[in-house]
Amino acid sequence: MPKPSVQFVCQNCGYESPKWMGRCPDCSEWATIVEEPVAPAPPAARPRTQPATAPEPLSSIDFTAEQRLSTGISELDRVLGGGLVPGSVVLIGGDPGIGKSTLLMQASGNLAGQGTGVLYVSGEESPRQIRMRSRRLGVDSDRVWVSPETNASALESLVETTGAGALVIDSIQTMSDPSSPSAPGTVSQVRAAAGQVAAVARSRGIPAFLVGHVTKDGSLAGPRVLEHMVDTVLYFEGDRDSAYRILRAVKNRFGATDEVGIFEMSGAGLVPVENPSAALLAERDEKEAGSVVCPVLEGTRPLLVEVQALAAPTHFPSPRRMASGVDFNRLLLVLAVLEKRAGLRLGQADVYANVTGGLRLSEPAADLALAIAVASSLKDRPVPAGAAVMGEIGLSGEVRGVAQAERRAREAARLGFTRLILSRRDARAVAPSAGVECVGVRTVAEAVRVALEGESR
Ligand code: TYD
Ligand code: MG
């Protein structure tokens, strides 16, 4: 039987199949499978080749030489684990317009200012558009080289002629590798192009940034396979309508994952937010019912966020529930527990929950704050000023401890909070030196009484 000359490849996850299918069996995406030519099979008897470099004993490999390159942007350096590692490849994903190009142009300007030339390859925008952005950002260097190149195999010589010490590819989806037989824009092309960029970065020992587009569900478009090829994967998140942007490491060979950097988009680019808790609480009206402050952990950093809820009489046969910034199912769970274990009548109320600043909370530690916010709005009674709330809620209405309670308590104290409502266990664990009065509660019902009826314990 002759070998097939085409195969069908999922553009989302790279799954390969001999026949076309409407839905990828691997990642369950619809209409992502596209016909691509099969790469010619390698000859059966391969000639023996000499290795390019001889293997060396583990113990004699020098590891002290790891020199980090600062991007000049404190929050970016921190997410990278202390700066850029030469020869590493960093993938930055995010929605269009979130600020990926802005961040990388600012970093390029800083690197150039320190004497590291940057090759900025953009197949997305014309050099003029890039120049206009760089003007706005105050980047005006002759060490930043801009190229509209889309052929990945030309990168090596571009790096060579410009003498660049860092590489930015904006975006990897616009690059292609002519030696790959697939059509431009397919996942095989993107993978091949990324492979070429990584090869240039590693062989020359220079760091490379790749910009990657994300799909509507938030994963990197097509090349999820890209995540495996790079050293570090960063995601840029945030509400388009809010000025805050969060840069999150989801994979990092050279540092902690889950580390976050917080930026504010200003008229002159992205500005690191020095005191994010204060910034997030700046517009809070503490006299309003339905607003509760919760210390959450973003990466290793404690952060005070405002959780809001609005419970209003419903005009619908079945009441509405809406969650923004908190998980919808988590909200339903909290509402069910409030109804059953704290006696709140929520069956006749629409409930809307929100986290301000465009943040998305994934921690169960925000459960109790959400519950108190709902109760506060329903009873139309504000939580007293100076109080913050944290804790996970279990199905029987018990309030559970959170990770790193002490650090969260200190952050609350630092911002002037005087009272923290938390689980009994955490209340015992937090040292009196944290600087905040800790009120330990056992159940949600007790927490509601303490927070809203001023019951002292
Ligand atoms: P951009 O970096 O082009 O986003 P991405 O590359 O992720 O698609 O940023 C686009 C948005 O940022 C755009 O809506 C304009 C805004 N912006 C500012 O508010 N201030 C600035 O200084 C710059 C350069 C952009
Ligand atoms: Mg861009």
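Of all the listed residues (Phe316, Phe328), the sole one being of a type in the set (Phe, Trp, Tyr), more than 26 Å from Ala256 (Cβ to Cβ) and under 30 Å from the mean Cα position of the chain (by Cα) is Phe328.
In the set (1) within 16 Å of ligand 2 (Cβ to nearest atom); (2) in contact (Cβ under 8 Å) with a residue 12 or more places away in the chain, the condition left unmet by Arg128 is number (2). Evaluate the following for Ser266: is it out of contact with any Leu (no Cβ under 6 Å at 6 or more places or on another chain), assigned by TED's automatic domain parsing to the domain that holds Ala369 and of a type in the set (S, T, N, Q)? Criteria not met by Ser266. Right, Glu29: loosely packed, with under 11 Cβ neighbours inside 10 Å, at pLDDT 80 or above and charged (D, E, K, R) or not? No: the conditions fail for Glu29.
Restricting Pro18, Pro2, Pro96, Pro37 to residues that are open to solvent by 40 Å² or more (accessible area, probe 1.4 Å), away from ligand 1 (no atom under 16 Å from the Cβ), touching a residue at least 60 places away in the same chain (Cβ under 8 Å) and at negative phi narrows the list to Pro37.
Could you please find all residues in the stretch 304-347 being open to solvent by 30 Å² or more (accessible area, probe 1.4 Å) and in contact with a Pro (Cβ under 8 Å, 6 or more places away or on another chain)? Once the filter is applied, which keeps residues that are open to solvent by 30 Å² or more (accessible area, probe 1.4 Å) and in contact with a Pro (Cβ under 8 Å, 6 or more places away or on another chain), the stretch 304-347 yields Arg330, Gly347.
Residues are listed down the side, and each one gets a yes or a no for (1) open to solvent by less than 50 Å² (accessible area, probe 1.4 Å); (2) among the small types (Gly, Ala, Ser); (3) under 29 Å from Val334 (Cβ atoms):
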| residue | (1), (2), (3) |
| --- | --- |
| Ile246 | yes, no, yes |
| Thr257 | no, no, yes |
| Phe263 | yes, no, no |
| Ala268 | no, yes, no |
| Ala278 | yes, yes, yes |
| Glu286 | no, no, yes |
| Cys294 | yes, no, yes |
| Pro302 | yes, no, yes |
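Residues are listed down the side, and each one gets a yes or a no for (1) touching a strand residue (DSSP E or B) at 6+ places or on another chain (Cβ under 9 Å); (2) among the hydrophobic types (A, V, I, L, M, F, W, C); (3) within 12 Å of ligand 1 (Cβ to nearest atom):
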| site | (1), (2), (3) |
| --- | --- |
| Gly81 | yes, no, no |
| Leu103 | yes, yes, yes |
| Leu111 | yes, yes, no |
| Val118 | yes, yes, no |
| Asp140 | no, no, no |
| Glu149 | yes, no, no |
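Tell me, yes or no, whether the stretch 153-166 has at least one residue that is among the charged types (D, E, K, R), near ligand 1 (Cβ under 10 Å from one of its atoms) and open to solvent by 10 Å² or more (accessible area, probe 1.4 Å). No.
Residue selection: Glu160 fails the criterion of being touching a Lys or Arg at 6+ places or on another chain (Cβ under 9 Å) and under 29 Å from Thr32 (Cα atoms). Residues in the stretch 56-93 that are free of Cβ contacts under 8 Å to residues at least 60 places away in the same chain and either buried (at least 20 other Cβ atoms within 10 Å of the Cβ) or in contact with a helix residue (DSSP H, G or I) (Cβ under 7 Å, 6 or more places away or on another chain) (or both): Ser70, Thr71, Gly72, Asp77, Gly83. When the stretch 5-15 is filtered for residues that are surrounded by 14 or more Cβ atoms within 10 Å (Cβ to Cβ) and hydrophobic (A, V, I, L, M, F, W, C), the ones remaining, listed by number, are Phe8, Val9, Cys10, Cys13.
If I filter the stretch 102-122 for residues that are within 16 Å of ligand 2 (Cβ to nearest atom), of a type in the set (A, V, I, L, M, F, W, C) and surrounded by fewer than 20 Cβ atoms within 10 Å (Cβ to Cβ), do I get at least one hit? No, every residue in the stretch 102-122 fails to be within 16 Å of ligand 2 (Cβ to nearest atom), of a type in the set (A, V, I, L, M, F, W, C) and surrounded by fewer than 20 Cβ atoms within 10 Å (Cβ to Cβ). Considering the stretch 167-218, the residues that are within 17 Å of Val233 (Cα to Cα) and polar (S, T, N, Q) include one that is surrounded by the most Cβ atoms within 10 Å (Cβ to Cβ), namely Gln173.
The values are calculated or read from the model by the stated rules, or taken from the named source; none is laboratory data. Note that the structure is a prediction, hence the values are computed from the model and not measured. In this analysis, Cβ positions are derived from the backbone assuming ideal geometry, glycine residues included, and neighbour counts consider all displayed protein chains. When the accessible area is computed, the model is the full protein with side chains, heavy atoms only, and any ligands, DNA or RNA have been set aside. Shrake-Rupley method; radii C 1.70, N 1.55, O 1.52, S 1.80 Å.
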